[in-house]
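**Q** This is the structure, below, for whatever I ask next.
The values are calculated or read from the model by the stated rules, or taken from the named source; none is laboratory data. All of these numbers come straight from a predicted model, not from anything done at the bench. So basically every Cβ, Gly included, is an ideal-geometry build from the backbone, and we count neighbours across all protein chains shown.
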Amino acid sequence: MNTFAKQYQQVGTSSEIESADPHRLIQMLIDGAISRLVVAKAMMERRDLAKKGENVSMAISIIGGLQASLDMNKGGEIAASLSALYDYMNMKLAQANANNDPSGVDEVISLMRTIKEGWDGIREKARAKEANSSEIR
């Protein structure tokens, strides 16, 4: 990707972040973690250890951000389960990074996609509920 395309993409992403609601921000973080992991796996296969490590580290950081965003008071058992899952994912990624193990990265990608499917479904239900409540007014 050339420099201008990267700059345009950054401006687009920045604009999307500024206008995003909290639910959309979480979706963007999940998407970011998945895309970093896909790149990390490709870098493992190419034996580009520096870029692999950079992308795994960024994914771990994003997962840490997702974990920090959990509201343990309101989220109850679901938040506690997600927190434990995020801990597991970060441990798995650290191991995969140290051992150049693409299967560990694949496992975390699969887990993140499952979380994404659930999160995307929640958004659709929230939008439907919001539409119904605005019709009642």
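**Q** For Glu130, work out the one condition from (1) under 18 Å from Leu29 (Cα atoms); (2) in a helix (DSSP H, G or I); (3) over 13 Å from the mean Cα position of the chain (by Cα); (4) at pLDDT below 95 it doesn't fulfil.
**A** Here Glu130 meets the rest and fails (1).
**Q** Would you please name the residue that is farthest from the chain's Cα centre (by Cα), looking only at residues in the stretch 38-62 that are touching a residue at least 40 places away in the same chain (Cβ under 8 Å) and buried (at least 17 other Cβ atoms within 10 Å of the Cβ)?
**A** Met44
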